[in-house]
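Single-structure report; data block below.
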Amino acid sequence: MANKSRRDFMRNSMLGLAALPLGAGILSKTAFAQELPRLDPSSSNAQALNYVEDASEASDHPAYEEGERCDNCMFFVEETEGCQLFPGNSVEPGGWCQSWTAQA
């Protein structure tokens, strides 16, 4: 009986250790969700895509159409207010850039 308990303990311990990186990844995404620094519109990345923090400021850009905003773009990550085009940064949900693409 003691050997079975030891085996169960070892198996469960190994399963727990194997799942630890997955759990840490989920927790870290949640824990740091609001800690992304806001994208600086004057940065070279932002300027390359004509990013503005207020979509109405892009109304004279030929690629802009009324209603396009970061928060309804396919690249927007709602949990972090991040953008796949500007990794490591959050963007203004009401902002816009020329790479705006409708959500599927």
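The values are calculated or read from the model by the stated rules, or taken from the named source; none is laboratory data. Note that the coordinates shown come from a computational prediction; the quantities given were computed from them, not determined experimentally. Here the Cβ is made from the backbone with ideal geometry for all residues, glycine too, and neighbour counts use every protein chain on show. All accessible areas refer to the heavy atoms of the entire protein, side chains included, with ligands and DNA or RNA removed. Shrake-Rupley method; radii C 1.70, N 1.55, O 1.52, S 1.80 Å.
Out of all the residues in segment 60-74, which are more than 18 Å from Asp40 (Cβ to Cβ) and of a type outside the set (D, E, K, R)? Step through it out loud before you land on a result.
Keep residues of segment 60-74 that are more than 18 Å from Asp40 (Cβ to Cβ), which gives 60-69, 71-74.
Scanning segment 60-74 gives His61, Pro62, Ala63, Tyr64, Gly67, Asn72, Cys73, Met74.
Here is a yes/no grid of residues against (1) under 11 Å from the mean Cα position of the chain (by Cα); (2) open to solvent by 60 Å² or more (accessible area, probe 1.4 Å):
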residue	(1), (2)
Arg38	no, yes
Leu49	no, no
Gly67	no, no
Phe76	yes, no
Pro93	no, no
Gln98	no, yes
Thr101	no, no
